[in-house]
1. Mind listing whichever residues of the stretch 12-21 are surrounded by 11 or more Cβ atoms within 10 Å (Cβ to Cβ) and without any contact (Cβ under 8 Å) to a residue 12 or more places away in the chain?
2. Residues in the stretch 25-42 that are closer than 24 Å to ASN88 by Cβ and surrounded by 18 or more Cβ atoms within 10 Å (Cβ to Cβ): how many?
3. State whether one or more residues within the stretch 163-185 are modelled with pLDDT of 95 or more and in contact with a His (Cβ under 7 Å, 6 or more places away or on another chain).
4. Just to check your reading of the model, which residue among SER286, SER334, SER318 is surrounded by fewer than 18 Cβ atoms within 10 Å (Cβ to Cβ), of a type in the set (Ser, Thr, Tyr) and either assigned by TED's automatic domain parsing to the domain that holds ILE204 or modelled with pLDDT of 95 or more (or both)?
5. For the stretch 168-213, name all the residues that are more than 20 Å from SER334 (Cβ to Cβ), of a type outside the set (A, V, I, L, M, F, W, C) and buried (at least 18 other Cβ atoms within 10 Å of the Cβ).
6. Consider the stretch 234-261. How many of its residues are surrounded by 24 or more Cβ atoms within 10 Å (Cβ to Cβ) and either of a type outside the set (Gly, Ala, Ser) or under 30 Å from GLU352 (Cβ atoms) (or both)?
7. Out of the residues in the stretch 250-278 that are in contact with a Ser or Thr (Cβ under 7 Å, 6 or more places away or on another chain) and not in a helix (DSSP H, G or I), which is nearest to MET201 (Cα to Cα)?
Amino acid sequence: NESISFHQKELKKDGVIFDESCLPMTQITKEINAPAITRTSVALGATCYYFNLEIENLEKIFKEAFGEKAEINIKLAKKGYQYLKTKNFKQKPRRLKGSGLRPKASEKKKILIDGNQALALGLIKAGLNVYFAYPMTPATSILHFLAKKEKELGLKVVQPENEIAVINMAIGAAYTGQKVAVGTSGGGFDLMQEAMSLAGMAEIPLVIAVSQRPGPSTGVPTYTSQSDLRSTRFSGHGEFPRILLAPGDPEEAYLLGAQALNLAWEYQAPVIVLLDKHLSESLMTSFFDSSKIKIENGKIAHNPKDYKRFETTSDGISPMAFPGMKNVVVKATSYEHDEQGITTEDSQIIKEMQEKRFKKLQLL
């Protein structure tokens, strides 16, 4: 009653409140010996009746959401629907003929999805092979979502012991030719920055999803924030190209997730996708146009002779080869190096390598 008194002023003029006085949800649930937690399904069935919606479509949703546990919820929903019907409860008229839970055939097919899931789907569409993450709100649901899809899609999803291990394992996997991504929030990203600089020096493709929350330090994990733009833009010590993308809704998260993986491989550089808690966890109906996405594998060395991993080229992008390829030695180092990847302190070579890496920016 206290909640009703507090919130009823927020109702529209012709709005209604379903409570135990007009819809005995608890009693109906007890009648069929259902768990108390399922009584909200009675309210959903009643809502379908009130808005004149097809309850058959609610049944489909229950089956998708609850699997084997759907039947008890369907039964309760039907009882809620029937209860209002027998009481001749006034229904709201449909605004359009044929409206309801079933979308019009003329409409684009949309799905209800949040920003983290959309980003994950974009990464998958662009060819993601391995995802590394240590749980950190609000990026954790990317890890959970991809873990559920692991077997279905042939992915590898790995949860190491901390964020430092996450990014170093990701760099190692990318060095072998795997398309990888990692996910974290502000504090976790702080721990990743030294290794991110390694990816910049070794020109290893890497996608880092950073979902923002208020800081500093632990801050407020369950609130949203957009305060990490500068820290991500200038992240990693030293000068090297890094790419920053910031989607504004799930559709952009899907497209930019795919673009991030493509850009990482095309330019052999770290790419950061900057989200926030609001986007990461807010559900929105979205339409994904997969025709806008194509997989980019970058500049791959095929049957190379006298291979140089960091060969100087006109665009600054060297052909990539991977360990295990025939007749090549692939070197990667955190030290400044020459074209073959051998450590150097020669000032002229250092200058040439710096200029080589920054040539990539002219193509962006």
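1. Of everything in the stretch 12-21, just one residue is surrounded by 11 or more Cβ atoms within 10 Å (Cβ to Cβ) and without any contact (Cβ under 8 Å) to a residue 12 or more places away in the chain, namely GLU20.
2. 6
3. The answer is no, given that none of the residues of the stretch 163-185 is modelled with pLDDT of 95 or more and in contact with a His (Cβ under 7 Å, 6 or more places away or on another chain).
4. Result: SER334 is the single residue among SER286, SER334, SER318 that is surrounded by fewer than 18 Cβ atoms within 10 Å (Cβ to Cβ), of a type in the set (Ser, Thr, Tyr) and either assigned by TED's automatic domain parsing to the domain that holds ILE204 or modelled with pLDDT of 95 or more (or both).
5. Scanning the stretch 168-213 gives LYS179, GLY183, THR184, SER185, GLY186, GLY188, SER211, GLN212, ARG213.
6. Initial filter on the stretch 234-261 (surrounded by 24 or more Cβ atoms within 10 Å (Cβ to Cβ)): 250, 253-254, 257-258, 260-261.
Adding the requirement that they be either of a type outside the set (Gly, Ala, Ser) or under 30 Å from GLU352 (Cβ atoms) (or both) leaves 250, 254, 260-261.
Residues in the stretch 234-261 being surrounded by 24 or more Cβ atoms within 10 Å (Cβ to Cβ) and either of a type outside the set (Gly, Ala, Ser) or under 30 Å from GLU352 (Cβ atoms) (or both): 4 in total.
7. ILE272
The values are calculated or read from the model by the stated rules, or taken from the named source; none is laboratory data. Note that the structure is a prediction, hence the values are computed from the model and not measured. When we count neighbours, we look across all protein chains shown, and the Cβ atoms used for this are built from the backbone with ideal geometry, even at glycine.
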